[in-house]
Amino acid sequence: MASKWLVKSEPDTYAYADLERDGRTVWDGVRNHAAAGHLKAMKIGDQVFFYHSQQGKDVVAVAQVAKEAFPDASDPTGRFVAVELTPVRKLKRPVTLADMKANPALADMAMLRQGRLSVSPVTDAEWTAILKMAGE
């Protein structure tokens with residue numbers, strides 16, 4: 001059974017529009033050990049919420065894991081991994097951080113409990129709740 005995830009990116013660094021334009025990207029540069037562990041757990045076909053951090057602070061789209069963990073070329077120590085993501089679709093409407101925090105169904109969501117994690121798991125129930133909030 002496929003897992004679900006959330007990844008964060010500052011839109012002025014790499015926005016979902018960039019992923020759409022590129023068609024595929026290497027998700028690298030993750031140096032937090034917990035977040036890196038989540039990258040290692042990702043499997044091809046897993047669905048991923050794309051969250052714009054800093055500006056917007058909202059879930060804007062769905063992406064998909066296209067290549068499982070491999071050595072992160074940007075890591076000179078060789079300890080961290082990267083994955084490849086492909087775009088799936090923009091959400092009908094973005095789901096803001098404030099709206100997620102206000103939804104009791106998301107009270108235990110990893111991203112809300114550990115806000116600094118750039119990669120975190122999403123339960124099936126959380127996934128469904130966010131899609132509903134997005135009008136899907």
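The numbers here are math on the coordinates, done by the rules we state, and not lab data. Computed from a predicted model, the values in this text were never measured in an experiment. In this analysis, Cβ positions are derived from the backbone assuming ideal geometry, glycine residues included, and neighbour counts consider all displayed protein chains.
Could you list the square roots of 5 times each eigenvalue of the Cα gyration tensor of the range 1-55, that is, the equivalent ellipsoid semi-axes, sorted largest first and rounded to whole Å?
19, 15, 10
Under 5 Å between amide H atoms, partner at least 5 residues away or on a different chain: which partners does TRP27 have, H built in plane at 1.01 Å?
VAL83, GLU84, LEU85
About its Cα centre, how strong a charge dipole does the chain have in debye, to the nearest 20, once Lys and Arg get +1 and Asp and Glu get -1 at the Cβ?
Magnitude of the dipole: close to 200 debye.
Could you compute the FRET efficiency for ASP22 and SER53, with r as their C-beta to C-beta distance and R0 at 25 Å, rounded to 0.05?
Efficiency computed from Cβ-Cβ geometry: 0.85.
Under 21 Å Cα to Cα from LYS40, which lysines show up? Leave out anything in the same chain fewer than 8 places away.
Excluding near neighbours in sequence, the set is LYS4, LYS8, LYS67.
With the contact rule set at Cα under 8 Å and sequence spacing of 6 or more, what percent relative contact order holds for the range 34-81?
36 percent
Computed over the Cα atoms of the chain, what is the ratio Rg over Rh, Rh following Kirkwood?
Rg/Rh: 0.94.
Of all the Cα-Cα pairs you can form in the range 17-97, what percent are over 21 Å apart?
I get 31 percent for the Cα pairs in the range 17-97 exceeding 21 Å.
Given contacts defined as C-alpha pairs under 8 Å and at least six residues apart, what's the relative contact order of the chain, whole-number percent?
It rounds to 30 percent for the chain.
Amide H to amide H, which residues 5 or more places from VAL122 or on other chains are under 5 Å from it, using H placed in the peptide plane?
Answer set, sorted by chain and number: LYS4, TRP5, LEU6.
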